[in-house]
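Everything below concerns the one structure shown next.
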Amino acid sequence: MDAPDLHKLLETLESTDMPPTSEVVSEVRAADIAHALTDLAEEAVLLIFSLLGDEKAAAVLAEADENTQEEVLAALPADRLARLLGELDPDDVADLLELAPEEARPAILAGLDDETRRDVRMLGEYEPESAGGIMTTEVIAVGSNETVKSALTKIRDAEQPEAMSSAFVVDPAGTLVGLVDLKALLTAEPVEQVGEIMNPDVISVAVDADQEEAARLVEHYDLASVPVVDAADRLKGVITLDDIIEVLDEEASEDMLRLAGTGVTHPTTEPVLTRLVARAPWLSVTLVGAFVAGLLIEFIEKTWFSAPGGALPPAETRFQSLLYFIPLIGGMAGNVGSQASTIMVRGFATGEVDPTRPGRVLRGELLLALIIGTISGLLVGVATWFVHVDAPALGLIVGIALPCAIFVAALAGTLVPFACHAVKVDPAYAGGPFLLTLNDIAAYLIYFSVAIGLQGVLAGG
């Protein structure tokens, strides 16, 4: 069914006199239905599921967003949920069971077949964001001492395996020893042993490794899937490309939300109280920092007014003139620091930056900041001198303070994420309100320190 027809389907859900039929709903692709459920009330969502067969409903449930999944898992009876989950891969079942009401889980598990129940319980032992937590146990594994004919028979009889381009090879103890391409199996002699034609150079990931490590392996080596092994190198499962795409999307979203200081789940999907708890601590950093900056400005005002004039503007307008350039100094420093921090956080996530070696990137970031600061300082300093011809010292103050503030902001933006990683705090938090507030305070201190220093020099000490 095309997108316009899907829109018509949604319109019928708002009409009480013409509900959609099961035939109409079943024509829509599962992914499209799952996406549409986001905009529907719970009653309409349950109506859709009542019109779908188990196989289609299971596919829709797996594709739906987390909030919709929780609604459906809480509303449908345990026997129907068991039938739906029975249509899915064990890794999807394990994820959905985590969202189901705790009191309903035993009944749902009881309705699953023995093999699925065993796999789900095994997957539940791993951390959700580990390689074991996202792998599927439905993996093709053939023995190294099997014949090609036997291996092909095993692959043919496998029940809808996720990875079909190749098969993993294990020894009699279940240890992963290689990888065999399906094309190699098809072109080999039937009586040959798999161990003779396999590729022993197989890349794997430990079952307790972080999911980001698995994603880096897939990206770095351009893999379609990556096998998961335990401490003894026994094959436990496989992580496929679709799982990796979800990991990358999830990690990128988490980093962006942390940079914004809103937590690790999308704020529009959470209750207001949850959003408040997630955001308030980081916004309080901004509140306290802004208050400190205000006290700093008040202190500087008194110091500024107490000095004689000389080459400076008259006392009654001296501090007011400085205030005009606070947004420029703070804004430029904040942006440079935020850019540096974002680049570091992104580099950590993609593996492009080694979080244990800041020296490799610090020199380049500081050199870039020095060039940007020097050019910006010259341009703004000259422009300020033309605008305030009666107070040439203002142009000098801004021209010196701006590159210094930019340099310090780049230093903080680069090093703070490394420091966070060293103390095992998510570096993404460093780029949010904390670093912006820190850069503002540092920029104001530099700006007013330069002003007071030049004031003393120009006023004769």
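Read-outs throughout are calculated quantities, based only on the coordinates presented, and are distinct from any laboratory measurement. None of the values given here were measured: they were computed from a predicted structure. For neighbour counting, all protein chains shown are included, and Cβ atoms are generated from backbone atoms with ideal geometry for every residue, glycine included.
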Cα-projected label distance for residue 386 with residue 199, points at 7 Å along beta-carbon direction, nm:
6.3 nm
What does the charge count near residue 128 come to, summing +1 for each Lys or Arg and -1 for each Asp or Glu among other residues with Cβ under 10 Å from its Cβ?
-4
Efficiency of FRET from Cβ geometry, residue 291 and residue 102, R₀ 41 Å, rounded to 0.05
0.40
Classified through the alpha carbon gyration tensor (a ≥ b ≥ c as square roots of its eigenvalues; rounded if a/c is under 1.5, else prolate when a/b is larger than b/c, else oblate), the stretch 141-240 comes out prolate
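Full-extension gain between residue 445 and residue 39, please, as 0.36 nm times their residue separation minus the C-alpha to C-alpha distance. Mind showing how you got there, number by number?
Details: separation 406, 0.36 × 406 = 146.16 nm, distance 4.91 nm.
Taking 0.36 nm per residue and subtracting the Cα distance, the gain is 141.2 nm.
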Nearest-0.05 FRET efficiency for residue 419 and residue 299 at R0 = 30 Å, using Cβ-Cβ distance, is 0.60
Label model pair residue 183, residue 129: point-to-point distance (7 angstrom along the Cα→beta-carbon line) in nm is 3.9 nm
Net lengthening on full extension, residue 29/residue 175 (0.36 nm per residue, minus Cα-Cα)
48.6 nm
Find how much the distance from residue 324 to residue 122 grows on full extension, using 0.36 nm per residue of separation minus their present alpha carbon separation; answer in nm with one decimal.
66.4 nm
